[in-house]
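Colleague: One structure, pasted below without further comment.
The values are calculated or read from the model by the stated rules, or taken from the named source; none is laboratory data. All of these numbers come straight from a predicted model, not from anything done at the bench. Here the Cβ positions follow ideal geometry from the backbone for every residue, glycine too, while neighbour counts run over all protein chains shown.
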Amino acid sequence: MNVESRVSDLPNLRLRVFTPTRPGKWPAVVAYSDIFQHTGPHLRLCTRLAARGFTVVAPELYGRITPAGTVLRFEEDRQRALDCAAQMSLEWFDADLAAALAFTRAHASVDPSRVYAAGWCIGGHLAFRAALDPQVKATTCFYATGLHSNSLGAAVGAATSLAQAHRISGELLMVWGTRDPHIPKEGRQIIHAALANAGTSFQVRTFDAEHTFMRDEGARWEPAAADEAFEAMVALFSRG
């Protein structure tokens, strides 16, 4: 299916919207990037997902502290990306998340009864917080950073996302790499125990891979694992 993309600017927040070119009301996915924002790998993931029959809304992360359209390079801008993430307050992230969800539900190409969330790295944590909204029907978190340590942006040790897991009414898919130093085995166990104790409906897919193994550039990319993880997400979102 062919896909087109457009930019929409809200206060403090730029969104890139990917839609199938065929008219219709499509299920929607709010898709959060890693700390580098809208790099080529993230845009390709969004395009690929939209081609499967979804409207995909990709929010930028740092519109309150960087110019709209800022894209950070994986190696040269790594420290800048980390610094940007560390400047973002939890209140800013949550306000931007609420704005992105409201925009998505109101979009002309979206079936508002079928809104999902997905995210990679820091975006996986943001997608988890999107899942706290009862209108989000299912969520996929790819190697979500900071969940086990309650850290998101400037909220180091104070994000309390896992403590709110009882609010999640939709199904969760948690995707991990076993060689990911940012979310070690002990961290994954903390997350899974919290989800089970909260009564959350969740499934886990674990791959012999490093952090960001779905980024289709660089040595960490694991194409087979990336494809399998992507298809697991599509299967989850296609059930509802």
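Colleague: Quick check on the stretch 205-240: of everything there that is among the basic types (Lys, Arg) and under 24 Å from Thr55 (Cα atoms), which residue is surrounded by the most Cβ atoms within 10 Å (Cβ to Cβ)?
Modeller: Top of the filtered list is Arg215.
Colleague: So, one more: Pairs only if they're at least six apart or on different chains, beta carbon under 6 angstrom, first in the stretch 185-198 and buried (at least 17 other Cβ atoms within 10 Å of the Cβ), second part of a helix (DSSP H, G or I); list them, first residue then second.
Modeller: Close Cβ pairs (under 6 Å, with a partner that is part of a helix (DSSP H, G or I)) amount to Ala194/Leu162; Ala194/Ala165; Leu195/Ala165.
Colleague: Here's something else I'd like to know. It is to be established whether one or more residues within the stretch 109-117 are surrounded by 19 or more Cβ atoms within 10 Å (Cβ to Cβ), under 20 Å from Gln164 (Cα atoms) and not hydrophobic (A, V, I, L, M, F, W, C).
Modeller: yes
Colleague: Restricting to the stretch 199-211, name every residue that is in a loop (DSSP other than H, G, I, E, B) and either in contact with a Cys (Cβ under 6 Å, 6 or more places away or on another chain) or among the aliphatic types (A, V, I, L, M) (or both).
Modeller: Within the stretch 199-211, Ala209 is the sole residue that qualifies.
Colleague: Exactly one of these conditions fails for Leu97: (1) closer than 17 Å to Cys121 by Cα; (2) of a type in the set (A, V, I, L, M); (3) free of Cβ contacts under 8 Å to residues at least 24 places away in the same chain. Give me its number.
Modeller: The single condition Leu97 does not satisfy is (3).
Colleague: Hey, does the stretch 61-69 have a residue that's closer than 18 Å to Gly124 by Cα and either out of contact with any Leu (no Cβ under 7 Å at 6 or more places or on another chain) or crowded, with 24+ Cβ neighbours inside 10 Å (or both)? Break it down stepwise before answering.
Modeller: If we filter the stretch 61-69 for residues that are closer than 18 Å to Gly124 by Cα, which is where we start, we get 61-62.
Then drop every residue that is not either out of contact with any Leu (no Cβ under 7 Å at 6 or more places or on another chain) or crowded, with 24+ Cβ neighbours inside 10 Å (or both), which leaves 61-62.
Taking every residue of the stretch 61-69 in turn, at least one turns out to be closer than 18 Å to Gly124 by Cα and either out of contact with any Leu (no Cβ under 7 Å at 6 or more places or on another chain) or crowded, with 24+ Cβ neighbours inside 10 Å (or both).
Colleague: Could you tell me which of the residues Ala118, Ala98 is within 15 Å of the chain's Cα centre (by Cα), of a type in the set (A, V, I, L, M) and closer than 18 Å to Ala144 by Cβ?
Modeller: Of Ala118, Ala98, the one residue that is within 15 Å of the chain's Cα centre (by Cα), of a type in the set (A, V, I, L, M) and closer than 18 Å to Ala144 by Cβ is Ala118.
Colleague: Scan the stretch 56-94 for residues that are of a type in the set (Asp, Glu), assigned to a loop (DSSP other than H, G, I, E, B) and without any contact (Cβ under 8 Å) to a residue 40 or more places away in the chain and report the count.
Modeller: First, pick out the residues of the stretch 56-94 that are of a type in the set (Asp, Glu): 60, 75-77, 83, 91, 94.
Those left that are additionally assigned to a loop (DSSP other than H, G, I, E, B): 60, 75-77.
Imposing the further condition that a residue be without any contact (Cβ under 8 Å) to a residue 40 or more places away in the chain reduces the set to 75-76.
Total satisfying the criteria: 2.
Colleague: Among the numbered criteria (1) within 25 Å of Gly63 (Cα to Cα); (2) modelled with pLDDT of 95 or more, which one does Glu171 miss?
Modeller: (1)
Colleague: Taking only the stretch 175-189 into account, find how many residues are over 17 Å from Ala225 (Cβ atoms), under 20 Å from the mean Cα position of the chain (by Cα) and either at pLDDT below 95 or in a helix (DSSP H, G or I) (or both).
Modeller: Final tally of qualifying residues: 1.
Colleague: Would you say Val30 is touching a residue at least 40 places away in the same chain (Cβ under 8 Å) and of a type in the set (Val, Ile, Thr)?
Modeller: Considered against the rule, which asks whether it is touching a residue at least 40 places away in the same chain (Cβ under 8 Å) and of a type in the set (Val, Ile, Thr), Val30 comes out as yes.
Colleague: Okay, next question. Within the stretch 212-240, which residues are within 14 Å of Thr140 (Cβ to Cβ) and in a loop (DSSP other than H, G, I, E, B)?
Modeller: Taking the stretch 212-240 and keeping what is within 14 Å of Thr140 (Cβ to Cβ), we get 214, 226, 228-240.
Passing the criteria: Met214, Gly240.
Colleague: Additional query: Somewhere in the stretch 195-210, is a residue closer than 20 Å to Glu75 by Cβ and at pLDDT 95 or above?
Modeller: Yes, the stretch 195-210 has at least one match.
Colleague: Could you please tell me which pairs satisfy a Cβ distance under 8 Å, a separation of 6+ or placement on different chains, a first residue in the stretch 42-55 that is within 12 Å of Phe230 (Cβ to Cβ), and a second residue that is surrounded by fewer than 15 Cβ atoms within 10 Å (Cβ to Cβ) and among the hydrophobic types (A, V, I, L, M, F, W, C)?
Modeller: Ala51/Met1; Arg52/Met1
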